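**Student:** One structure is given below, represented as structure tokens, and several questions about it will come after.
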Amino acid sequence: MGFEYANRLKMLPPYLFAEIEEKVERKRKKGVDIIDFGIGDPDLPTPRPIVEFIQRELENPENHRYPSSAGEAETRKAIADWYRKRFGVKLDPQGEVAVLIGSKEGLANICRAFVNPGEKVLAPDPAYPVYAQGAALLTDAVPLRFPLLAEKGFLPDIESLDTEARMLYLNYPNNPTGAVVDKRFLLTASRWCQETDTIFCYDNAYSEMTFDDYVAPSALEVAQGDGTIEFHSLSKTFNMTGYRVGFAVGDSDLIAGLKKVKSQIDSGTPKFLQSSVTMALGAYRGAERPQMVKDNIAVYQERRDVLVKGLRRLGFKLDLPKATFYLWMKVDEPSLRFAERMLEAGIVVTPGIGFGKYGEGYVRMATTQSVQRIEQALERMAKVA
Ligand SMILES: Cc1ncc(COP(=O)(O)O)c(C=O)c1O
């Protein structure tokens, strides 16, 4: 018989990659060797000290029980301590911190807490799809996409945004473009949100995955008054995408609304994982990254250098990103077609169109392959590019 989806689910755009994913699957089944630069999921394992810490925590029966949905007190304190060390921002662990089951759910749930059906939500284009879809569309709100253009360094023109929107999402270091911002830009965005009474949701999931001498700021370092909430994650910093641990910090009213939604829907991140937040963030010495993070970054930086150099040699145009493990590369044909052509050579890249219409003409490559595999991929690309 089959049941019809609710209208809000029907509003979601078609999944563009279904066809290409099927082709990848078919090739894999046939035993074709695939080099996958597609998903933003670290191939490196979680650092040993964290794995061993969680194993020990799991042995404690106290950690087998329901956690606090808003976050254990100790975890929230560790997050506030980290913010002070890392960004020089003082937070009240009680009212200004929430623990999340990965930052993705928080980015979506904040919309449920503060946006009414029919209200407008500003989301970048290209972008991580959650802002416009999981957040806005599934709240029956109206996503307004604004362009991130190469000639503007993939930064939005803040002054041109719709002043009637309820919420603005921004994400830097940026997925998919790898673009970064300075505090001055964040100040402009924050001032604009204050003046227009717009809630500022800042996705800082890649703040620790930065290269060379770039240090990513927090929006809370410059936030003008209330109305800012920032999202973080252990996923990329500590290769922990599969664990589902993140957090949100900022304006106490926004945090309270987010916690209220969550208390009705989920029961929080397991306690043995919440304590890993305390352990992992506690390893920072002042603002300095712990060795396990430095080691990770060194690996991604080397891969970035090898891949960018190789792609440029093949004639592609792309920047050397200062952050994230993404390369955003211009192609001179429709991005889906380019991706399909690469797949024929056994290489998976993500077509830019999947991140929004302004992503067309680009593909994203995640440096989640070893240098050896990157070199192999470059050889294959040389034959088909
Ligand atoms: C920009 C951005 N924000 C948030 C997330 C979600 O991360 P998680 O839910 O694992 O914390 C991702 C994941 O790829 C991302 O790219």
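The values are calculated or read from the model by the stated rules, or taken from the named source; none is laboratory data. Please read these numbers as outputs of a predicted model, since none were measured by experiment. Positions of Cβ are generated from backbone atoms using ideal geometry, with glycine treated the same way; all protein chains shown enter the neighbour counts. Surface accessibility is based on the protein's heavy atoms, side chains included, excluding ligands, DNA and RNA. Shrake-Rupley method; radii C 1.70, N 1.55, O 1.52, S 1.80 Å.
**Student:** Examine segment 154-167 for a residue that is open to solvent by 40 Å² or more (accessible area, probe 1.4 Å), of a type in the set (A, V, I, L, M, F, W, C) and either within 16 Å of the ligand (Cβ to nearest atom) or not assigned by TED's automatic domain parsing to the domain that holds PHE53 (or both), and state whether such a residue exists.
**Tutor:** Within segment 154-167, one or more residues are open to solvent by 40 Å² or more (accessible area, probe 1.4 Å), of a type in the set (A, V, I, L, M, F, W, C) and either within 16 Å of the ligand (Cβ to nearest atom) or not assigned by TED's automatic domain parsing to the domain that holds PHE53 (or both).
**Student:** A further question follows. Looking at (1) surrounded by fewer than 24 Cβ atoms within 10 Å (Cβ to Cβ); (2) assigned by TED's automatic domain parsing to the domain that holds GLN94; (3) of a type in the set (A, V, I, L, M, F, W, C), find the lone condition where ILE297 falls short.
**Tutor:** Tallying (1) surrounded by fewer than 24 Cβ atoms within 10 Å (Cβ to Cβ); (2) assigned by TED's automatic domain parsing to the domain that holds GLN94; (3) of a type in the set (A, V, I, L, M, F, W, C), ILE297 fails exactly one: (2).
**Student:** Is it the case that segment 355-371 has a residue that's in contact (Cβ under 8 Å) with a residue 60 or more places away in the chain and acidic (Asp, Glu)?
**Tutor:** no
**Student:** Is it the case that some residue within segment 7-19 is within 22 Å of ALA205 (Cα to Cα), more than 16 Å from the ligand (Cβ to nearest atom) and loosely packed, with under 11 Cβ neighbours inside 10 Å?
**Tutor:** no
**Student:** Now for a separate question. Working carefully through the options LEU318, LEU314, LEU327, find the one that is buried (at least 16 other Cβ atoms within 10 Å of the Cβ) and in contact (Cβ under 8 Å) with a residue 60 or more places away in the chain.
**Tutor:** None of the others qualify; the one that does is LEU327.
**Student:** As an exercise: evaluate MET279 against (1) farther than 21 Å from PHE87 by Cα; (2) open to solvent by 30 Å² or more (accessible area, probe 1.4 Å); (3) not in a loop (DSSP other than H, G, I, E, B) and give the number of the one condition it does not meet.
**Tutor:** Here MET279 clears every test but (1).
**Student:** Right, here's the next one. If you go through segment 77-94 one residue at a time, how many are open to solvent by 20 Å² or more (accessible area, probe 1.4 Å) and part of a loop (DSSP other than H, G, I, E, B)?
**Tutor:** 6
**Student:** Another one. Give the number of residues within segment 55-114 that are free of Cβ contacts under 8 Å to residues at least 12 places away in the same chain and basic (Lys, Arg).
**Tutor:** 3
**Student:** Consider segment 359-376. How many of its residues are of a type in the set (A, V, I, L, M, F, W, C) and either surrounded by fewer than 20 Cβ atoms within 10 Å (Cβ to Cβ) or within 19 Å of GLU333 (Cβ to Cβ) (or both)?
**Tutor:** Counting residues in segment 359-376 that are of a type in the set (A, V, I, L, M, F, W, C) and either surrounded by fewer than 20 Cβ atoms within 10 Å (Cβ to Cβ) or within 19 Å of GLU333 (Cβ to Cβ) (or both) gives 3.
**Student:** Is it true that some residue in segment 180-200 is touching a residue at least 60 places away in the same chain (Cβ under 8 Å), of a type outside the set (Val, Ile, Thr) and either open to solvent by less than 10 Å² (accessible area, probe 1.4 Å) or over 30 Å from GLU72 (Cβ atoms) (or both)?
**Tutor:** No - not one qualifying residue is present in segment 180-200.
**Student:** On to the next question. Residues that are closer than 19 Å to LYS330 by Cα: list the strands (runs of 3 or more DSSP E) wholly contained in segment 102-188 that include at least 2 such residues.
**Tutor:** Those strands (runs of 3 or more DSSP E) span 120-125.
**Student:** Oh, and also: Just to verify a result, which residue in segment 25-48, among those that are hydrophobic (A, V, I, L, M, F, W, C) and in a loop (DSSP other than H, G, I, E, B), is nearest to ASN175 (Cα to Cα)?
**Tutor:** ILE39
**Student:** Let me ask something else. Go through segment 26-43 and report how many residues are within 25 Å of the chain's Cα centre (by Cα) and open to solvent by 40 Å² or more (accessible area, probe 1.4 Å).
**Tutor:** Matching residues across segment 26-43 total 3.
**Student:** Next question. Just name the residue that is surrounded by the most Cβ atoms within 10 Å (Cβ to Cβ) out of those in segment 211-236 that are away from the ligand (no atom under 13 Å from the Cβ) and of a type in the set (Ser, Thr, Tyr).
**Tutor:** Per the stated criteria, the residue is THR228.
**Student:** If you go through segment 237-257, how many residues are within 13 Å of GLU208 (Cα to Cα) and buried (at least 24 other Cβ atoms within 10 Å of the Cβ)?
**Tutor:** Looking only at that region, the number is 1.
**Student:** Also: So, in segment 104-136, how many residues would count as being of a type in the set (Ser, Thr, Tyr) and either in the same structural domain as GLY352 (by TED's automatic domain parsing) or buried (at least 24 other Cβ atoms within 10 Å of the Cβ) (or both)?
**Tutor:** 1
**Student:** Output the residues belonging to segment 99-138 that are within 13 Å of the ligand (Cβ to nearest atom), among the aliphatic types (A, V, I, L, M) and within 22 Å of CYS193 (Cβ to Cβ).
**Tutor:** If the condition is that a residue be within 13 Å of the ligand (Cβ to nearest atom), among the aliphatic types (A, V, I, L, M) and within 22 Å of CYS193 (Cβ to Cβ), then LEU100, LEU107, ALA108, ILE110, ALA123, ALA127, VAL130, ALA132, ALA135 are the ones that fit.
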